[in-house]
1. Taking the convex hull of the Cα atoms, report for segment B:237-371 its projected area averaged over all directions, in nm².
2. Could you pull the Rg and Dmax for segment A:80-164, using just the Cα atoms, both in Å?
3. Give me the compactness ratio for chain B, meaning the Cα radius of gyration over 2.2 N^0.38 Å.
4. Semi-axes of the equivalent ellipsoid of segment B:83-210: what are they in whole Å, largest first, if each equals the square root of 5 times a C-alpha gyration tensor eigenvalue?
5. Quick one: Karplus J couplings for segment B:444-457, per residue in order, coefficients 6.51, -1.76, 1.60, θ = phi - 60°, nearest Hz, x for Gly and Pro?
6. Based on the alpha carbon coordinates of segment B:59-141, what radius of gyration and maximum Cα-Cα distance (Dmax) apply, in Å?
7. Once you have the Kirkwood Rh of segment B:294-358 from its Cα pairs, apply Stokes-Einstein at 10 °C and 1.306 mPa s and quote D in µm²/s.
8. Compute the long axis of helix B:512-521 from its Cα atoms, compare it with the longest principal axis of the Cα atoms of chain B, and write down the angle in degrees, 0 to 90, nearest 10.
Amino acid sequence: MGHVSDSFGNEAWERLRIKAGVVDEFFLSNKIYEDQITFDLVAAASEILSVDVDTLLRSFGKYWVLKIAKEKYGKLMEYAGNNFIEFMDQLPNFHSRVMLLYPEIIPPEFLKERIDDKSFLLHYYSKRIGLGSFMTGLIEGLAQMYNAECEIEQVANEITEISHIVYKVTLK
Amino acid sequence: MSLLFSPELEQLEKLFPFFFVLDRKLQIVKKGHSLKKISGNETYFKEQFSFVRPLLGIKYEFSSIQKFQEQVFVLKMLGIENKIELKGQFIYEEPSDLLYFWGSPYIRSEKDFENTGLQIKDFAVFDWNLSFLQLNNFLRIEREDKEKLKYQFERQKNFYELLFDHIPMDVAILDSELKYVFINRSAIKNAELRNWVRGKTYMDYARYRNLDLEIAQQREDNFRKIIENGEEFFYEDTYFKGTAQEKTIYRNMMPYISHNGEKYILAYGIDITMVRKASEEIFNKNRELNKLNLELDGLVYSVTHDIRSPLHAVLGLIGVIEKEEQLNPQTEEYVSLIRSSISRLDQTINMIFDYSKNARTKVQSLEIELEELVRTVFAHNLKELKRKINFNITKKINSKFYSDPQRIRIILNSLLSNAIIFSNEKEALVEVSIDIDNEHCEIEVADNGEGIQPKHQDLIFEMFYRGSKKSIGSGLGLFIFKEAVEKLKGSLTFTSNPNQGSNFIVKLPNDLCSHEKEIHSN
């Protein structure tokens, strides 16, 4: 909602909210919403804003880190590490701890495998299919937050009952 | 050397009594004592636990668990009645090729703890679960208290709303933005409209009801003044004007500041239709009564005046006849009787005139030489009644006396004429005592005559009442006397014993004070 209204104006948000058939006029940070609402909003946004879904999800992932996460979880994120790599080490547990607080939600799982000092593989496991681009945007946003430049390459994308995507992240 | 066989394990077990150790075949080779208590002797990991977190990328393989070892694990215990989950992390020990799980139950509510068979002593002292249970208990109490308070608050709110709804007057509360916070059933009977109007302004309401928006705007401006300046404001609403159902509501709006400084307007409206009608009726009747009184006063004045003139002419002619020398004794007696009758008639007319004056004229306030006035009135009555009386006057005068001379004369005339008429026939005695101070004047008149029979004592001040054969008047004297005392805001008492005499005491206010004020202001 914030991303659309900040980037395209409140009117655009209202239009896509109505198009997606979303009743809520605003969303609460700690409330858990149906996944379908997210997918409906993304589909409607893509149509109204004439931006493809992947680009939209990627920009939303970046926006989420740089705007929402910074605003809502700023202090927590500061404590997670001194640089991008340290933060990525904590990423799996960040999500696990969210689950411990809100047992009814299903956050994605991560596994980070070190390649060398400058690169690593990030395994992303999720029951939600189709949010890979959003994840790419999140990694980009996190790198930008720590003033790190990196290359993100999707090296595997396995879809079964779950989505398993592997990103190779290389710091420049 | 493996930790499994080291003495330090015992200390670590104290910190993690739910720990367990896996070998490469995922066989549980060691359990902490608290885990043993709830899980028995089961030795295979897969039969004892299932993954909750991580779940999606992990396998029931030693190497897979090893890959995730840096992460938070949530394991669900299998084969036991209660749903217990363990939260912790795996640590791989290279020399022994073993995986250690260090953790404790994942408790999210008091219910999770119930029926597990676990006790506080089964946990490490530092374990967050214990603090969590305490915190949870505290939160539950707080939540229950809040619910109680909320219930209480709702109950009170409903009570007062119901109370206001049953008050037979319109009640409304507006906030500082001039929006209705509350409005009762009497003000708006339709529940839907009543709910709608909450949070709306008077202008919104006026638009909705198609009321005169100019008047509505004026009223809202006045509402604003109540909030800004704390001025009270009232107006009247008339409905169904000119019809049989016409009604008028008096509306009063007053400022109210709550304990936390928030400004409100308290408004109430009362149906004054009946009061207005009754007031109009009283006003009209009063006007009619005043007119009648004026006509009656005029009638009494002209009657008494017009009758007295010919009576005095008759008395004058009687005087001329009496001076004739050739009157025979019989005629002389007839003439005397005529004079006496006409004098009594004149006296009665005088009384009516006095009554009329007392009722009609305003109370004056002039300085009165009371002793002199007493003597004058006594002498006049004595001359009229042709009696020989022993007369004593005692006085205690500490102040000038201010009152209404006309009414004081009426009072003295009544007291003294009665004292003279009813005093002892053989040795008549009338005693007057005067006591004046700054506040009051007390006049006491006593005689030694026949007194008043007890059966007459309650009736002597009635109009036209005559309680004695000796009464020669109209029966108006004491009635007018009492009216005059009341007009002067005085009081009267009397005692009377048959054949011993009567004693009347009149206490009147001394109007000295207002005269002194007048002098000072001048």
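1. Working: hull surface 80.8 nm².
About 20.2 nm², averaged over all directions.
2. Cα only, segment A:80-164: 13.1, 37 Å (Rg, Dmax).
3. 2.25
4. After diagonalising the Cα gyration tensor, the semi-axes are 61, 19, 11 Å.
5. With coefficients 6.51, -1.76 and 1.60, one gets 10, 10, 10, 10, 10, x, 6, x, 10, 4, x, 5, 8, 4 Hz.
6. Looking at segment B:59-141, its Cα Rg and Dmax stand at 15.1, 51 Å.
7. The diffusion coefficient I find is 121 µm²/s.
8. 70 degrees
The values are calculated or read from the model by the stated rules, or taken from the named source; none is laboratory data. Predicted model, so just to flag it, every value in this text is computed and none were measured. When we count neighbours, we look across all protein chains shown, and the Cβ atoms used for this are built from the backbone with ideal geometry, even at glycine. What goes into the accessible areas is simple: the full protein's heavy atoms, side chains included, and nothing from ligands, DNA or RNA. Shrake-Rupley method; radii C 1.70, N 1.55, O 1.52, S 1.80 Å.
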